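The values are calculated or read from the model by the stated rules, or taken from the named source; none is laboratory data. What you are looking at is a predicted structure, and each value in this text was computed from that prediction instead of being measured. For neighbour counting, all protein chains shown are included, and Cβ atoms are generated from backbone atoms with ideal geometry for every residue, glycine included. To get the accessible areas, we keep the full protein, side chains included, count just its heavy atoms, and leave off ligands, DNA and RNA. Shrake-Rupley method; radii C 1.70, N 1.55, O 1.52, S 1.80 Å.
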Amino acid sequence: VQLQAFGGGLVQAGGSLRLSCAASGRTFDNYFIGWFRQAPGKERGFVAAIGDAGGTTYAHSVKGRFTISRDAAKTTVYLQMNSLKPEDTAVYYCAARNRFEAKYKYWGQGTQVTVSS
């Protein structure tokens, strides 16, 4: 599974961005898609995920501000980020895992999100 993440940029605190994660040449059927982020000097951490059946989970730090969703064709997953804070600044990655696997096996390239205060 080849993934491409895009949509990052520079935004002021309180602003919004929408990230997209697209699958190359296939759908996300039978896959969980997750968003992760890594800030400078920190380990990569979980942000949000959407399951094969559409269920969603979020990190506590983004719950209520970020929304993960996907298109009807299951070819693109979105991360809508509202009320952005400077601490949301990071490189954001999307990843995929087969519904029968525990680990995210496929990773896209990161997209930089910078939130200015």
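Assorted remarks:
- Checking the stated criteria, Ser20 turns out to be modelled with pLDDT of 95 or more, part of a strand (DSSP E or B) and open to solvent by less than 30 Å² (accessible area, probe 1.4 Å).
- Residue list for the range 13-48, restricted to those being over 14 Å from Val113 (Cα atoms) and of a type in the set (Ser, Thr, Tyr): Ser24, Thr27, Tyr31
- Any chance Ala95 is at pLDDT 95 or above, under 12 Å from Trp35 (Cα atoms) and surrounded by 17 or more Cβ atoms within 10 Å (Cβ to Cβ): yes
- Per the conditions (1) open to solvent by 60 Å² or more (accessible area, probe 1.4 Å); (2) modelled with pLDDT under 95; (3) closer than 26 Å to Arg99 by Cβ, the sole criterion not satisfied by Arg44 is (2).
- Against the criterion of being surrounded by fewer than 17 Cβ atoms within 10 Å (Cβ to Cβ), over 23 Å from Lys103 (Cβ atoms) and among the basic types (Lys, Arg), Arg65 qualifies.
- Every pair of residues 6+ apart whose Cβ atoms lie under 7 Å, when the first sits in the range 27-50 and is more than 14 Å from Ser69 (Cα to Cα) while the second is hydrophobic (A, V, I, L, M, F, W, C) and open to solvent by less than 10 Å² (accessible area, probe 1.4 Å): Phe36/Val47; Phe36/Ala95; Arg37/Val47; Arg37/Ala90; Gln38/Ala90; Ala39/Ala90
- Set side by side, the residues Asp88, Asp29 differ, and just one is exposed (fewer than 13 other Cβ atoms within 10 Å of the Cβ) and either at negative phi or in contact with a helix residue (DSSP H, G or I) (Cβ under 7 Å, 6 or more places away or on another chain) (or both), which is Asp29.
- Residues located in the range 1-17, provided they are closer than 15 Å to Arg37 by Cα, open to solvent by less than 50 Å² (accessible area, probe 1.4 Å) and either in a strand (DSSP E or B) or touching a Lys or Arg at 6+ places or on another chain (Cβ under 6 Å) (or both): Ala5, Gly7, Gly9, Leu17
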